[in-house]
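The values are calculated or read from the model by the stated rules, or taken from the named source; none is laboratory data. These numbers were taken from a predicted model, which means no experiment stands behind them. Because the Cβ atoms are built from the backbone with ideal geometry, glycine has one as well, and the counts that use them run over all protein chains shown.
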Amino acid sequence: MISNRVSSASPYQDLYIYHLEGTLARSTVICDDRFLGNWEEDRFSFLFFSEPSEDAINALLKSQQHLALLDRFQFPYQEWQGSELPPFRIGRLNIIFPWMETKPQGNSIPPIVLDPGVVFGSGTHPTTRDCLKALDFLLYEERIESAIDLGTGSGLLALGAARLGVDKIIAIDNNPLSVITARKNVAANKMEGAILVVRGRAEDFIDCALDLVIANIHFDVMKRLLRSEGFFQKKWFIISGLLKGEARAVAEGLFSHHAEIIESWIHEGMWHTYLGKNGSKSFQFHFNKGKG
């Protein structure tokens, strides 16, 4: 049980987002109290501020003339995250937010203090919560020494694994803002000795020799992961972010590799999460649906 009483206001109220064509120079440092972060996607940048910041954007465009302002948006933070962010509990895990005073009860595991900023992984999405359920289920029964979290976002799943006893975790994300956010959350929870956050593509790290792979990730990336030997060399897997048809294709491929789905979670018939164990044989992976 978690009681929640707000001790201070969330630092995130309205978000002011500036959509730029082009990416900022690597040496760019935005020293502005209003600046929340830069989300890069392909050849575009999304700069987040807590207040209107046309002056900062104009200065940036003047100094880096390869950039162009395409659009600007304003969202309440709650709308960006999809809902309010009350503290919550999944199994033995308590997740709290740094701007709230909370009193976890009946649990010897310290809470996870999470500041998701503006990246994925606040815990509101059903796939994130189902991955936490899968971690709690698995680590109640099994002792797992190492894991890799692919598409870590805020770092929540890596933190959950560490709180439940995994000794060594590599958390991977190709989004620079996610890497910054996850590192801050790892430090806030004093888990630097257990979790290493690295920027990179999931496909480039799937061959790391670790016991458990956690991948709550886009289906296009999932297909590439499941074509690699590295995925099936992991003893355990937790995979999510799958819609119904995608989940069926993934399950068929897993079975063809002699993998066993031990437990599954389905949210409202839409989002699917699998917890499973790999077998000893590996064959070429074929998808029955989709391309890529």
Just a yes or no: is a residue in the range 108-120 charged (D, E, K, R) and either at pLDDT 95 or above or in a loop (DSSP other than H, G, I, E, B) (or both)?
-> yes
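Here is a yes/no grid of residues against (1) modelled with pLDDT of 95 or more; (2) surrounded by 15 or more Cβ atoms within 10 Å (Cβ to Cβ); (3) over 20 Å from PRO87 (Cα atoms):
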position	(1), (2), (3)
SER3	no, no, no
TYR16	yes, yes, yes
SER27	no, no, yes
ASP33	no, no, yes
GLY37	no, yes, yes
State whether the residues of the range 185-203 include one that is β-branched (Val, Ile, Thr) and either more than 29 Å from PHE46 (Cβ to Cβ) or out of contact with any strand residue (DSSP E or B) (no Cβ under 7 Å at 6 or more places or on another chain) (or both).
-> no
GLN74 assigned to a loop (DSSP other than H, G, I, E, B), of a type outside the set (Asp, Glu) and not assigned by TED's automatic domain parsing to the domain that holds ALA162 = no
In the range 170-208, which residues are closer than 28 Å to ILE109 by Cβ and assigned to a loop (DSSP other than H, G, I, E, B)?
-> ASN189, LYS190, MET191, GLU192, GLY193, ALA194, PHE205, CYS208
Residue ranges of strands (runs of 3 or more DSSP E) in the range 217-292 with at least 1 members within 18 Å of ILE206 (Cα to Cα) and modelled with pLDDT of 95 or more | 236-242, 271-277
If you go through the range 91-110 one residue at a time, do you hit one that is assigned by TED's automatic domain parsing to the domain that holds HIS19, surrounded by 14 or more Cβ atoms within 10 Å (Cβ to Cβ) and of a type in the set (D, E, K, R)?
-> no
Quick one: would you say PHE75 is modelled with pLDDT under 95, more than 24 Å from GLU260 (Cβ to Cβ) and within 18 Å of the chain's Cα centre (by Cα)?
-> no
Within the range 154-169, restricting attention to residues that are part of a helix (DSSP H, G or I) and in contact (Cβ under 8 Å) with a residue 40 or more places away in the chain, which residue is surrounded by the fewest Cβ atoms within 10 Å (Cβ to Cβ)?
-> ARG163
Could you list all residues from the range 39-67 that are more than 25 Å from GLN81 (Cβ to Cβ), crowded, with 18+ Cβ neighbours inside 10 Å and either in contact with a strand residue (DSSP E or B) (Cβ under 6 Å, 6 or more places away or on another chain) or free of Cβ contacts under 8 Å to residues at least 12 places away in the same chain (or both)?
-> LEU67
Taking GLU203, is it surrounded by 16 or more Cβ atoms within 10 Å (Cβ to Cβ), touching a residue at least 12 places away in the same chain (Cβ under 8 Å), closer than 28 Å to VAL186 by Cβ and not hydrophobic (A, V, I, L, M, F, W, C)?
-> yes
Do you know which of the residues in the range 50-70 that are of a type in the set (S, T, N, Q) and modelled with pLDDT of 95 or more is nearest to CYS31 (Cα to Cα)?
-> SER53
